[in-house]
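Reading through the structure tokens given below for one structure.
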Amino acid sequence: MALLQHLGRSKSVAKRSKKYLEEALYTRLFKEGGSELSVRHQLNQFIKTHKRVYKWEVGDTLRKLRQRKLYYPALKLSETMAKRGMNKTVSDQAIHLDLVAKTRGISAAENYFIDLPESSKNHLCYGALLNCYCKELMTEKAEALMEKMKELNLPLSSMPYNSLMTLYTKTEQPEKIPAIIQEMKASHIMFDAYTYNVWMRALAAVNDITGVERVIDEMKRDGRVAGDWTTYSNLASIYVDAGLFEKAEKALKELEKRNACKDLSAYQFLITLYGRTGNLLEVYRVWRSLRLAFPKTANISYLNMIQALVNIKDLPGAEKCFREWESGCSIYDIRIANALIGGYAKEGLLEKAEEIKERACRRGANPNAKTWEIFLDYYMKKGELKLAVDCVANAISIGRGDGKKWVPSSVVVSSLMGHFEQEKDVDSAEGFLENLKKAVDNLGAEVFESLIRTYAAAGRTSPIIRRRLKMENVEVNEACKKLLDTICVE
């Protein structure tokens, strides 16, 4: 079904015909909240109706879905609209490529790019693929594609350079960034706020705070880019990391001046960074400003505030904020409960932590992997390792919210295996590994070596351990090979 929408047409959806969706598409998709499950349900319902929507509406909805990291429904919407006849611009194709990479992986994105008509392979689609490589930390592919873009004389903006510099920052190669900056200057490519931010981060990574300040001065002298609030949140964060709290607070004042549009994220950065300086008065002052700007305060804002208060060790304040949120929330968000549970656990207040978990359950918010991670950390520190094992099992069975598996840290695995070894507890060790196999494909040599030592310490035998090692393709050390002679008897 064609989706006809001329550029000159009004963006109002109030008086359109019955062939069209009766409300804005974005409103429909978020009718039952912002969870991926509810958005997918509403999207499926919309698709079944075969109702039309305007092209601008689809673009606006895709942008909002991507902002919320709802990539799977975004891709499904993009594909459905293409099947219904919506013509994709090159910009639309670049966005689609990015969604394919995020949901189906780089190989699928590369295939999508290859299949595009040659006329679509301009700086936008090349830039989208480059950005995908950079996000996946694929340095060689990213550098090769950047060279290809230069060879094709594609019009380059700051965006591909920013992607490459972000890649170097994440892969701990900040020393490569000055050369990128010089190349941009030599090619007369105008910097944007993000360029200055990533440049500052690169200098901060090598503890060159004076260099960071020179970048800010250069930006001011250049005059073409007015530092926005993100520039000063970045600067404040760098100062906080360096322990320069007085300079950080000056940067935060500049941040506030540049938040004329009352951006929610700016308020959240202010609360977090003032919290990291230990300035409780400023945390509460900004919170009051946020509440005035956003009377219907979002869950994410309460989460941010409670985390800040917990980190400053203002538990009474965190409890008050939590009660306020709890009394008015329509959807009980386990993340907010986790923030307070984490605060209680850090202070050794297990009963209070358990109480919040139970309250969340009663309100329909079951513990997630993070909840069990908090309790796991508490029990590990207290040496209550049997309960820690239960937390690991619970977290593995639930998995992460993004559909990925939850995997305990190597430190946790090593500590628990060491405990079983010390206690000569073969059965518990095997039970733990049975759970661990649900989360990891390969247990590794260290885990098996500990298991072998546990069998030996307990005087237990197992004729199949050698076979298990072979199946896992694991080579154990010489000491464990000798122990196997005793353990692996028929």
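The values are calculated or read from the model by the stated rules, or taken from the named source; none is laboratory data. These numbers come from a predicted model, not from an experiment. Ideal geometry is used to build each Cβ from the backbone, glycine not excepted, and the neighbour counts take in all protein chains shown. The area values use the complete protein model at the heavy-atom level, side chains included, leaving out ligands, DNA and RNA. Shrake-Rupley method; radii C 1.70, N 1.55, O 1.52, S 1.80 Å.
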Query - the range 242-365: translational diffusion in µm²/s, Stokes-Einstein, Kirkwood Rh over Cα pairs, 4 °C, 1.567 mPa s - result: 86 µm²/s
Query raised in the report: Rounded to the nearest 500 deg cm²/dmol, what is the calculated helix-only ellipticity per residue at 222 nm for the chain, with -39500 (n - 2.57) per DSSP H run of length n ≥ 4?
Result: -21500 deg cm²/dmol
Report summary line: Among 153, 178, 120, the residue whose Cα sits farthest towards the positive end of the charge dipole of the range 120-229, when +1 is placed on the Cβ of each Lys and Arg and -1 on the Cβ of each Asp and Glu, is 120
Report summary line: Too long for a 27 Å Cα-Cα cut-off, among 76/370; 51/121; 18/102; 250/313; 55/170, are 76/370; 51/121; 18/102; 55/170
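Calculate, in nm to one decimal, what residue 190 and residue 329 gain on full extension: separation in residues at 0.36 nm each, minus their alpha carbon distance.
Numbers: separation 139, 0.36 × 139 = 50.04 nm, distance 4.53 nm.
My answer for the length gained is 45.5 nm.
For the range 65-172, just say rounded, prolate or oblate: build the C-alpha gyration tensor, square-root its eigenvalues into a ≥ b ≥ c, call rounded for a/c under 1.5, and beyond that prolate if a/b exceeds b/c, oblate if not. Before the final figure, lay out the partial values.
Details: a/c = 2.06, a/b = 1.37, b/c = 1.51.
Since a/c reaches 1.5 but b/c is at least a/b, the shape of the range 65-172 is classed as oblate.
How charged is the neighbourhood of residue 168? Take every other residue with its Cβ under 11 Å from the Cβ of residue 168, and add Lys/Arg as +1 and Asp/Glu as -1. Intermediate results must be reported in sequence, preceding the final value.
Values: positive: 170, 176, 201; negative: 143, 172, 175.
Every neighbour counted, the sum reads 0.
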Query raised in the report: When N counts the residues of the chain, how does its alpha-carbon radius of gyration compare numerically with 2.2 N^0.38 Å, as a ratio?
Result: 1.17
Query - Estimated inter-spin distance, residue 320 and residue 474, nm [label 7 Å along Cα→Cβ] - result: 5.3 nm
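How high is the relative contact order of the chain, in percent, counting Cα pairs under 8 Å that sit 6 or more residues apart? Mind showing how you got there, number by number?
Numbers: 531 pairs, mean separation 25.4, N = 490.
About 5 percent, as a whole number.
Nearest 0.05, what FRET efficiency do residue 467 and residue 171 give at R0 = 35 Å with Cβ-Cβ as r?
0.30
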Requested in this report: Counting only heavy atoms of the protein chains, get the accessible area per residue of the range 352-397 (1.4 Å probe) and round it to a whole Å² value.
Outcome: 51 Å²
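I'm checking a number: the convex hull volume of the Cα atoms of the range 387-490, normalised per residue, in Å³. What is it?
Values: hull volume 10.0 nm³, N = 104.
Dividing the Cα hull volume of the range 387-490 by its residue count gives 96 Å³.
Taking the Cβ-Cβ separation of residue 66 and residue 152 as r and a Förster radius of 25 Å, what is the calculated FRET efficiency to the nearest 0.05? Spell out each step's value before the answer.
On the way: r = 27 Å, r/R0 = 1.08.
Computed FRET efficiency for residue 66 and residue 152 comes out at 0.40.
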Report task. In whole angstrom, note down how far apart the Cα centers of the range 448-490 and the range 398-447 are. Result -> 17 Å
Query raised in the report: Could you give the length gained on full extension between residue 44 and residue 31, defined as 0.36 nm per residue of separation minus the Cα-Cα distance, in nm?
Result: 3.4 nm
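Given Cβ point charges of +1 (Lys, Arg) and -1 (Asp, Glu) and nothing else, what value in debye, to the nearest 20, does the dipole of the chain about its Cα centre take?
On the way: 76 positive and 63 negative charges, 529 e Å.
Dipole of the chain, to the nearest 20 debye: 2540 debye.
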Report summary line: For the range 257-360, whose charge dipole is built from +1 on Lys and Arg Cβ atoms and -1 on Asp and Glu Cβ atoms, the candidate among 264, 340, 315 with its Cα farthest towards the positive end is 264
Report task. Run the accessible area of the chain with a 1.4 Å probe and give the carbon-and-sulfur part as a rounded percent. Result -> 52 percent
Report summary line: Counting only residues 5 or more apart in sequence or on a different chain, those whose built amide H sits under 5 Å from that of residue 20 are 52
Query raised in the report: So what's the angle, to the nearest 10 degrees on a 0 to 90 scale, between helix 229-241 and the longest Cα principal axis of the chain?
Result: 30 degrees
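How do the peptides 278-284, 300-306 rank, highest first, by the average count of neighbouring beta carbon atoms within 10 Å per residue? Don't jump to the answer; show the numbers that get you there.
On the way: 278-284: 16.3, 300-306: 22.0.
Taking the mean over residues of other Cβ atoms within 10 Å, the ranking is 300-306, 278-284.
What relative contact order, as a whole-number percentage, does the range 362-490 give when Cα pairs under 8 Å and 6 or more residues apart are counted? Don't skip to the end; give the middle numbers.
Details: 134 pairs, mean separation 25.2, N = 129.
Dividing the mean separation by the residue count of the range 362-490 yields 20 percent.
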Query raised in the report: To the nearest 10 degrees, how steep is helix 90-104 against the longest Cα principal axis of the chain, on a 0 to 90 scale?
Result: 10 degrees
Requested in this report: Pairs of Cα atoms under 8 Å, at least six residues apart: use those to get the relative contact order of the range 77-182, whole percent.
Outcome: 21 percent
Query - Computed label-point distance, nm, for sites residue 293 and residue 404 using a 7 Å Cα→Cβ extension - result: 3.1 nm
Query raised in the report: Could you give the nm distance between label points at residue 144 and residue 358, where each point is 7 Å from its Cα heading toward the beta carbon?
Result: 5.9 nm
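Direction-averaged shadow area of the convex hull around the Cα atoms of the range 191-245, nm²? Don't skip to the answer; put the middle values down first.
On the way: hull surface 13.2 nm².
Convex hull of Cα atoms, orientation-averaged projection: 3.3 nm².
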Query raised in the report: Using alpha carbon centroids, what distance separates the range 174-189 and the range 199-249, in Å?
Result: 18 Å
**Report entry** Contour excess over end-to-end distance, with Cα ends at residue 485 and residue 257 and 0.36 nm allotted per residue
**Finding:** 74.8 nm
Report summary line: Normalised Cα Rg of the range 145-201, dividing by 2.2 N^0.38 Å with N its residue count, works out at 1.06
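How high is the FRET efficiency between residue 424 and residue 88 when r is their beta carbon distance and R₀ equals 56 Å, given to the nearest 0.05? Walk me through the intermediate numbers first.
On the way: r = 65 Å, r/R0 = 1.15.
Calculated transfer efficiency: 0.30.
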Query raised in the report: How far is helix 71-83 tilted, in degrees, relative to the longest principal axis of the Cα atoms in the chain, given as a value from 0 to 90 rounded to the nearest 10?
Result: 50 degrees
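Loop-only trypsin sites (Lys or Arg not before Pro) in the range 256-326, please: DSSP not H, G, I, E or B, and at most 11 other Cβ atoms within 10 Å. Numbers along the way, then the final one.
Numbers: sites: 257, 258, 262, 276, 285, 288, 291, 296, 313, 320, 323; in loops: 258, 262, 296, 313.
Within the range 256-326, the qualifying trypsin sites (Lys or Arg not before Pro) (loop, at most 11 other Cβ atoms within 10 Å) are 296.
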**Report entry** Separation of alpha-carbon centers, the range 76-143 and the range 299-335, rounded to whole Å
**Finding:** 39 Å
Query raised in the report: In units of 2.2 N^0.38 Å, what is the alpha-carbon radius of gyration of the range 265-309?
Result: 1.00
